[in-house]
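Colleague: Let me begin by handing over the structure; questions about it come next.
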Amino acid sequence: MATRTDAPTRREQILKEAARLFAERGFHGVGVDEIGAAVGISGPGLYRHFAGKDAMLAELLVGISEQLLTGGKRRVAESADGDPGALLDSLIEGHIDFALDDRPLITLHDRELDRLRDSDRKLVRQLQRQYVELWVEILREVYPGLTEPAARSAVHSVFGLLNSTPHLGRPGSLPGRGATAELLHRMARGAFAAAAA
């Protein structure tokens, strides 16, 4: 299995460029020839890797939902001391990494989720619900007075906050990745604390 330090496979390169192009110009505004050119192969050459653009979109949106859930579960499993506050911080950090490093996928999800086949869209929603419930459980350990519906609303609100990164300007216009990540983390914890107040 590939890790972040491995060179990306051709398939991963195609997905990365497809996400960027779809986010910039919309799903229907991009042809397979353009995606192929972005990775140095012919448009028809893409069909050796994907059945078509629809398959790329499905893999991107299902894939990121799977990644977020798997990453969240891993953080819970690796929580050595079981400190809920530290675990909440870890979940926030993981989601911030996604929000800062995969901004095109956020835009793509917002604009193109309805283009997925029903089965793929249902799978994305199922994975997202599981991810939310993971957070709800930890959040209620940190703030026991929060009801389950209030905790769920707070989690969705914080996701909205963190997933606003595509609207923060161009990547170079942010104050720097570290400073932006710290700001987002403080704002997320502040929002959770406010929900529990």
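Colleague: Roll a 1.4 Å probe over the protein chains and send me the accessible area per residue for the chain in Å². Write down the numbers at each step before the final one.
Modeller: Details: 10610 Å² over 197 residues.
I get 54 Å² per residue for the chain.
Colleague: At most 12 other Cβ atoms within 10 Å and a DSSP loop assignment: could you name the trypsin sites (Lys or Arg not before Pro) in region 75-120 that fit?
Modeller: Of the trypsin sites (Lys or Arg not before Pro), the ones in loops of region 75-120 whose Cβ has at most 12 other Cβ atoms within 10 Å are Arg117.
Colleague: Once Rh for the chain is found with the Kirkwood sum over Cα pairs, what is the Stokes-Einstein diffusion coefficient at 10 °C and 1.306 mPa s, in µm²/s?
Modeller: Details: Rh = 18.1 Å.
Value of D from the Cα-based Kirkwood radius: 88 µm²/s.
Colleague: Quick one: if you stick a label point 7 Å off each Cα along the C-beta vector at His28 and Leu183, how many nm between them?
Modeller: About 3.6 nm separates the two model spin labels.
Colleague: Now for a separate question. Round to a whole number: what % of the accessible area of the chain belongs to carbon and sulfur, probe 1.4 Å?
Modeller: About 53 percent, which is the carbon plus sulfur part of the accessible surface.
Colleague: Also, quick follow-up: Sticking with the crude label model, points 7 Å out along Cα→Cβ, report the distance from Asp118 to Gln13 in nm, one decimal please.
Modeller: The answer from the label model is 3.9 nm.
Colleague: Next question, about the same structure. Post the alpha-carbon centroid distance, region 91-133 to region 134-184, in whole angstrom.
Modeller: If you average the Cα positions of each part, the centres end up 14 Å apart.
Colleague: Can you tell me what percent of all Cα-Cα pairs in region 108-165 are more than 15 Å apart?
Modeller: Details: 947 of 1653 pairs.
The calculated P(r) of region 108-165 puts 57 percent of pairs beyond 15 Å.
Colleague: Compute the FRET efficiency between Ala77 and Leu168 as 1/(1 + (r/R0)^6), taking r as their Cβ-Cβ distance and R0 = 25 Å, and round to the nearest 0.05.
Modeller: Rounded to the nearest 0.05, the efficiency is 0.20.
The values are calculated or read from the model by the stated rules, or taken from the named source; none is laboratory data. Because the structure is a prediction, the values reported are computed rather than measured. Reconstructed Cβ throughout: ideal geometry from the backbone, glycine too, with neighbour counts over all protein chains shown. Areas reflect the complete protein model, heavy atoms only, side chains present, ligands, DNA and RNA absent. Shrake-Rupley method; radii C 1.70, N 1.55, O 1.52, S 1.80 Å.
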